[in-house]
Amino acid sequence: MAIKENVQTVLVTGASSGIGQGIAIAFGMRGANVVINYYSDEKGAADTLKKVEAGGGKGLILKADVGEEDEVLRMFKEVTEEFDGLDVLINNAGIQDDSAFADMSLEQWENVMSTNLTGQFLCAREAIRAFGKQKGRGAKGKAIGNIVFISSVHDIIPWAGHVNYASSKGGILMLMKSLALEVAPQKIRVNAISPGAIATDINDEVWKDKKKKKDLLELIPYKRIGLPEDIANVAVFLASPDSDYITGTTIYVDGGMTLYPGFVENG
Ligand code: BGC
């Protein structure tokens with residue numbers, strides 16, 4: 001299928017809920033072709049598709065475990081066949097599996113690493129391979145492809161009880177920067193967004209509880225919990241020619257969480 005001029009084809013991993021769903025919808029509202037990847041939440045993916053289409057985009061749902069190489073290869077093959085190429089990868093799929101360190105099983109460690117870090121590696125690699133085959137694509141004189149890693153403030157804020165998660169996010173930081181350096185001469189841009197506390201299923205046991213929510217707000221100088229749209233708006237910007245000179249950068253979208261909030265009155 002030939003793509004329409006200026007219509008971006010965007011693959012969003014983990015797009016069946018939360019931040020990924022918000023990003024998919026935002027691209028849909030801009031008329032993009034949006035590939036909605038999910039792993040287990042089929043209903044959520046269908047909901048995302050409905051919203052992408054309601055916004056004017058074209059959607060395609062693809063199930064794949066991003067930590068499994070053969071599934072990722074199959075997914076990229078289907079994307080590039082259906083849409084004749086790829087412009088943007090939003091490397092979003094991520095999980096938490098929390099535990100005190102002494103009790104953390106190898107399985108808990110490996111599951112989180114597999115989705116959050118290996119998954120981002122595999123999808124990024126396939127995106128780079130796809131971009132390499134489509135030179136001349138993209139706005140004139142601008143990047144031929146774009147990758148946005150969705151990381152976390154925990155790529156720089158240590159997190160007790162979540163060592164597997166924070167380690168995976170710390171890994172994304174160097175994966176993103178090293179890759180950005182390597183592919184910049186090919187006119188491929190690679191950036192990251194590090195969200196703070198965004199109200200999604202991943203942390204609903206915190207923001208739905210009055211006391212825990214109050215404690216969480218102590219960590220957010222801007223005094224509100226974020227929404228998926230807060231991240232989606234920045235993802236759209238990072239994937240657009242408006243940000244063409246930005247590569248290898250992390251944008252913290254966190255209401256000031258990385259500003260050492262304890263220092264607002266102390267120190
Ligand atoms: C985590 C959330 C947490 C937030 C701030 C995110 O990366 O997934 O559970 O609320 O960081 O700590």
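The values are calculated or read from the model by the stated rules, or taken from the named source; none is laboratory data. Quantities reported herein were computed from a predicted structural model and do not represent experimental measurements. Ideal geometry is used to build each Cβ from the backbone, glycine not excepted, and the neighbour counts take in all protein chains shown.
Odds and ends about this structure:
- Total residues in region 246-258, condition out of contact with any strand residue (DSSP E or B) (no Cβ under 9 Å at 6 or more places or on another chain) and away from the ligand (no atom under 13 Å from the Cβ): 0
- Checking D97 against (1) within 26 Å of R189 (Cβ to Cβ); (2) outside any helix (DSSP H, G or I); (3) over 13 Å from the mean Cα position of the chain (by Cα); (4) modelled with pLDDT of 95 or more, the condition it does not meet: (1)
- Selection over region 128-158 of residues that are in contact with a Ser or Thr (Cβ under 9 Å, 6 or more places away or on another chain) and within 13 Å of the ligand (Cβ to nearest atom) gives a count of 9.
- Within the set A64, A54, the sole residue that is under 17 Å from the mean Cα position of the chain (by Cα) and small (G, A, S) turns out to be A64.
- The C-beta contact set for region 131-151 (first residue farther than 29 Å from G170 by Cβ, second residue within 16 Å of the ligand (Cβ to nearest atom) and of a type outside the set (D, E, K, R), distance under 6 angstrom, 6+ apart or interchain) is empty.
- Checking S40, S114 one by one, the residue that is surrounded by fewer than 23 Cβ atoms within 10 Å (Cβ to Cβ) and not in a helix (DSSP H, G or I) is S40 and no other.
- Residues in region 210-224 that are in a helix (DSSP H, G or I) and either within 11 Å of the ligand (Cβ to nearest atom) or without any contact (Cβ under 8 Å) to a residue 40 or more places away in the chain (or both): K210, K211, K212, K213, K214, D215, L216, L217.
- I202 satisfies every condition listed in (1) under 26 Å from F27 (Cβ atoms); (2) in a loop (DSSP other than H, G, I, E, B); (3) among the β-branched types (V, I, T) except (2).
- All conditions but one from (1) in contact (Cβ under 8 Å) with a residue 60 or more places away in the chain; (2) outside any helix (DSSP H, G or I); (3) among the small types (G, A, S) apply to A235; the one that does not is (2).
- As a summary of the residue check, L175 satisfies the conditions (1) under 30 Å from K133 (Cβ atoms); (2) in contact with a strand residue (DSSP E or B) (Cβ under 6 Å, 6 or more places away or on another chain); (3) not in a loop (DSSP other than H, G, I, E, B) except for the one numbered (2).
- Residue ID - nearest to D242 (Cα to Cα), chosen from residues in region 129-144 that are in a helix (DSSP H, G or I) and not basic (K, R): F131
- Qualifying residue in region 77-84 (condition: outside any helix (DSSP H, G or I) and more than 14 Å from T9 (Cα to Cα)): no
- Considering region 184-209, and only residues there that are away from the ligand (no atom under 16 Å from the Cβ) and more than 14 Å from the chain's Cα centre (by Cα), the residue that is surrounded by the fewest Cβ atoms within 10 Å (Cβ to Cβ) turns out to be P185.
- Beta carbons closer than 8 Å, at least 6 apart along the sequence or on distinct chains, pair a first residue in region 157-178 that is in contact (Cβ under 8 Å) with a residue 40 or more places away in the chain with a second that is of a type in the set (D, E, K, R) and part of a helix (DSSP H, G or I) for K169/D155; I172/D155; L173/D155.
- Any hit, region 249-256, residues being surrounded by fewer than 18 Cβ atoms within 10 Å (Cβ to Cβ) and more than 19 Å from the chain's Cα centre (by Cα): yes
- Summed over region 86-103, residues that are away from the ligand (no atom under 16 Å from the Cβ), more than 18 Å from G20 (Cα to Cα) and in contact with a helix residue (DSSP H, G or I) (Cβ under 7 Å, 6 or more places away or on another chain) total 1.
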